[in-house]
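Inspection log for the structure reproduced underneath, given as structure tokens.
The values are calculated or read from the model by the stated rules, or taken from the named source; none is laboratory data. These numbers come from a predicted model, not from an experiment. Every residue, glycine among them, receives a Cβ derived from its backbone with ideal geometry; neighbour counts consider all protein chains shown. Surface areas here come from the heavy atoms of the whole protein model, side chains and all, with no ligands, DNA or RNA. Shrake-Rupley method; radii C 1.70, N 1.55, O 1.52, S 1.80 Å.
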Amino acid sequence: MDTPRDILQRHGLRAKHSWGQNFLGDPDILEAIADSLELREGEPVVELGPGLGHLTRFLAATGARVTAVEKDRDMIAVLEKEAISGVRVVDGNAATVDFAKVAGVPEVKVAGNLPYHLTSSILFQVLEQREHVTRAVFTLQKEVVDRLSAEPGGRDYGLLTAILGLYFTSENLFDIDAHRFHPPPKVDSAVLRLIRRPAPLAPVVDGARFIRLVKAGFAQRRKTLINSLKSDKSLGTGEQFHQALATAGIDPMRRAETLSSEEFAAIERALGPVTR
């Protein structure tokens, strides 16, 4: 398989810094990423931002049905000219695409070497589409993967960690040195695997309210939990939050980064029915 540099030169292209393009061409790493999805013959998988098609080839080699979603017209032209067997290329935005719809199935696996600036947007898409995503494997900035694998109480633990933890298990599969990419990014990367839980770690009344609750909790990290929650008045009044925290058995003076996914879920349940 040709290197990213070779393919770019063949098509008269350069990596676009403004698009966050850092192409991974190491065959051993690409094979490990594809293997971690545990794809079966004929199983659908959506690849976000296939770029020059390096990971795409390994996904297709498993026998899976690959839908490659790419926004860059230059990359689409490359993929069409390279004509990788078993791959359907779709012009679309990885940060907004409906994974199951674009693949034409009710459930799908998702993969991609993600531009760092789109990481949060795509992870929130996975959350919003969790009923349709059984597994996701992404190459991300190492610092982000470390945060998503962090335990409550540390500086790395954040809102995405708490929200994802309710619905998915998160695992740092392995790190990737920056020099493995072309061009090399300024930071190292890591491969994150998300596997959807058979059921949420704890029940919630409303998933959307749970996400808003966690966001409110982390909106002002230096403040106590009760003061942070009050920042979103649509969730409830100060009195309602005090009562919910008491019902959930959680000290209102704690800070959001000390709470587990289950504790946030307990607060959400204690807020009672959702009023529309």
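If we keep just the residues of the range 252-276 that are within 19 Å of Thr161 (Cα to Cα) and of a type in the set (Lys, Arg), which is least open to solvent (accessible area, probe 1.4 Å)? Walk me through how you get there before you give the answer.
Keep residues of the range 252-276 that are within 19 Å of Thr161 (Cα to Cα), which gives 254-268.
Within this subset, residues satisfying the condition of being of a type in the set (Lys, Arg) are 254-255.
Details: Arg254: 66, Arg255: 95 Å².
By that ranking, first place goes to Arg254.
Name every residue in the range 17-54 that is in a helix (DSSP H, G or I) and not acidic (Asp, Glu), in order of residue number. Correct list: His17, Ser18, Trp19, Pro27, Ile29, Leu30, Ala32, Ile33, Ala34, Ser36, His54. The residues of the range 18-40 that are touching a residue at least 60 places away in the same chain (Cβ under 8 Å) and open to solvent by 90 Å² or more (accessible area, probe 1.4 Å), listed by number, are Trp19, Glu38. Does at least one position in the range 43-64 carry a residue that is among the hydrophobic types (A, V, I, L, M, F, W, C), closer than 25 Å to Gln125 by Cα and open to solvent by 30 Å² or more (accessible area, probe 1.4 Å)? Yes, some residue in the range 43-64 is among the hydrophobic types (A, V, I, L, M, F, W, C), closer than 25 Å to Gln125 by Cα and open to solvent by 30 Å² or more (accessible area, probe 1.4 Å).
Yes or no, residue by residue, for (1) within 19 Å of the chain's Cα centre (by Cα); (2) open to solvent by less than 20 Å² (accessible area, probe 1.4 Å):
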residue: Ala162; (1), (2): yes, yes
residue: Arg193; (1), (2): yes, no
residue: Arg197; (1), (2): yes, no
residue: Ala208; (1), (2): yes, no
residue: Ala216; (1), (2): no, yes
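The conditions of being assigned to a helix (DSSP H, G or I) and either open to solvent by less than 20 Å² (accessible area, probe 1.4 Å) or closer than 22 Å to Asp91 by Cβ (or both) are met by Ile7. A single entry from Arg14, Arg57 fulfils the requirement of being in a helix (DSSP H, G or I), over 19 Å from the mean Cα position of the chain (by Cα) and free of Cβ contacts under 8 Å to residues at least 60 places away in the same chain: Arg57. Just so you know, in the range 151-186 the residues that are of a type in the set (Lys, Arg) and out of contact with any strand residue (DSSP E or B) (no Cβ under 9 Å at 6 or more places or on another chain) include one that is farthest from Arg14 (Cα to Cα), and it is Arg155. Of the residues that make up the range 227-234, is at least one touching a Leu at 6+ places or on another chain (Cβ under 6 Å), open to solvent by 10 Å² or more (accessible area, probe 1.4 Å) and more than 30 Å from Asp28 (Cα to Cα)? Within the range 227-234 (the criterion being touching a Leu at 6+ places or on another chain (Cβ under 6 Å), open to solvent by 10 Å² or more (accessible area, probe 1.4 Å) and more than 30 Å from Asp28 (Cα to Cα)), the answer is no, since none of the residues qualifies. For the list (1) touching a Ser or Thr at 6+ places or on another chain (Cβ under 7 Å); (2) surrounded by fewer than 18 Cβ atoms within 10 Å (Cβ to Cβ); (3) not β-branched (Val, Ile, Thr), I need the number of the one condition that Lys142 fails. Lys142 satisfies all of (1) touching a Ser or Thr at 6+ places or on another chain (Cβ under 7 Å); (2) surrounded by fewer than 18 Cβ atoms within 10 Å (Cβ to Cβ); (3) not β-branched (Val, Ile, Thr) except (2).
For the range 88-106, taking the residues that are of a type outside the set (A, V, I, L, M) and without any contact (Cβ under 8 Å) to a residue 40 or more places away in the chain, the one that is farthest from Ser121 (Cα to Cα) is identified as Arg88.
Can you find, within the range 98-111, the residue that is least open to solvent (accessible area, probe 1.4 Å) among those that are farther than 15 Å from Arg130 by Cβ and in a loop (DSSP other than H, G, I, E, B)? Checked the range 98-111; the qualifying residue least open to solvent (accessible area, probe 1.4 Å) is Val105. What do you reckon, is Pro184 in contact with a helix residue (DSSP H, G or I) (Cβ under 6 Å, 6 or more places away or on another chain) and exposed (fewer than 15 other Cβ atoms within 10 Å of the Cβ)? Answer is yes for this residue. The set of residues in the range 77-87 being over 12 Å from Gly51 (Cα atoms) and either surrounded by 13 or more Cβ atoms within 10 Å (Cβ to Cβ) or touching a residue at least 40 places away in the same chain (Cβ under 8 Å) (or both) consists of Lys81, Ile84, Gly86, Val87.
Scanning the range 112-126 for residues that are among the aliphatic types (A, V, I, L, M), modelled with pLDDT under 95 and open to solvent by less than 30 Å² (accessible area, probe 1.4 Å) turns up just one, Leu114.
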